[in-house]
Amino acid sequence: MICALITIGSSARAAGVPDDCTQLVVGIAPDWNSMRGTLQLFERPRGGSWNAASARFPVLFGKSGLAWGTGLAGQDEGGLRKKERDGRAPAGIFQIGEIYTYDAQLPPGGDYPFHQVSEGDIWSDDPRSPNYNRHITIDPKNPPDNYSHEKMRSGDFAYHWLIEIRHNSDPPIPGAGSAIFFHIRRGVDRPTTGCTTMAEPNLVKVVTWLREPRHPCYVLLPAGEYEKKRSSWNLPATDKHVAVTGD
């Protein structure tokens with residue numbers, strides 16, 4: 001399953017959501033072993049307070065739940081850690097990377113860095129590979145090695161849009177988890193091996209909402225952990241999860 005971080009100082013990591021992040025995707029699961037949860041979009045002016053930019057909508061996480069990942073926050077927490085092929089989505093705070101799509105352009109309203117994938121675009125998920133947890137382009141008729149990888153254009157409708165969640169990429173630690181994305185769900189009861197999936201209209205909303213100058217991030221936590229971290233990680237207050245400023 002397709003599921004990845006930008007260089008950033010340790011002091012910024014310790015602070016939770018960076019000050020320059022003014023768009024935040026909030027994912028909350030009932031507990032560590034939940035494969036279901038909700039997503040909601042929040043935004044704020046620089047230095048201001050968070051406001052809801054969408055209603056909550058249902059999403060699916062890893063088939064085995066969540067485990068601490070490696071990102072802007074969460075990598076120093078004690079407890080279960082995300083590992084390759086463990087069926088868990090990484091918990092913590094992560095920068096949002098590029099969009100990958102089958103299309104030559106984003107949906108109307110979209111304005112965010114994207115890459116149109118071809119048959120040669122792959123994402124390495126093999127801890128043995130020097131390209132582990134990286135997007136690379138190969139000659140599909142002459143693969144350069146025998147490492148395993150994810151095809152990014154396989155004809156699978158679920159990968160029509162992939163939004164990179166930058167877990168374990170600064171630098172990638174072999175075996176700590178790879179290819180973590182937002183993408184279209186395959187069904188209401190089809191969890192992932194670590195990605196966050198949703199109905200296509202909701203994913204399109206995220207795609208068209210993202211703006212690179214606003215340095216968007218993703219926070220994913222169990223509900224209890226979210227409340228513990230809310231103040232220290234600069235997260236939206238939980239009572240705002242039911243507030244809606246858009247349709």
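To keep it simple, each residue is scored yes or no on (1) of a type in the set (Ser, Thr, Tyr); (2) buried (at least 23 other Cβ atoms within 10 Å of the Cβ); (3) assigned to a loop (DSSP other than H, G, I, E, B).
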residue	(1), (2), (3)
Ser34	yes, no, yes
Pro45	no, no, yes
Gly48	no, no, yes
Ser54	yes, no, yes
Thr70	yes, yes, yes
Glu84	no, no, yes
Pro90	no, yes, no
Hey, could you check the stretch 205-246 for residues that are more than 23 Å from Pro107 (Cα to Cα) and of a type in the set (Ser, Thr, Tyr) and say which is modelled with the lowest pLDDT? Thr238
If a residue has to be among the charged types (D, E, K, R) and either surrounded by fewer than 16 Cβ atoms within 10 Å (Cβ to Cβ) or more than 19 Å from the chain's Cα centre (by Cα) (or both) to count, how many in the stretch 127-152 make the cut? 4
Regarding Ala104, is this residue crowded, with 20+ Cβ neighbours inside 10 Å, touching a strand residue (DSSP E or B) at 6+ places or on another chain (Cβ under 9 Å) and either part of a loop (DSSP other than H, G, I, E, B) or among the aliphatic types (A, V, I, L, M) (or both)? no
Filter result for the condition that a residue is surrounded by fewer than 20 Cβ atoms within 10 Å (Cβ to Cβ) and at pLDDT 95 or above, over Ile165, Ile173, Ile180: Ile173
For Ser124, are the conditions met, namely being of a type in the set (Gly, Ala, Ser), surrounded by 17 or more Cβ atoms within 10 Å (Cβ to Cβ), more than 30 Å from Ile138 (Cα to Cα) and more than 16 Å from the chain's Cα centre (by Cα)? no
Strands (runs of 3 or more DSSP E) contained in the stretch 137-232 and holding at least 3 residues within 21 Å of Ala52 (Cβ to Cβ): 217-222
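The values are calculated or read from the model by the stated rules, or taken from the named source; none is laboratory data. Just so you know, these numbers come straight off a predicted model, no measurement behind them. All Cβ positions, even for glycine, are placed from backbone atoms using ideal geometry, and neighbour counts span all protein chains on display.
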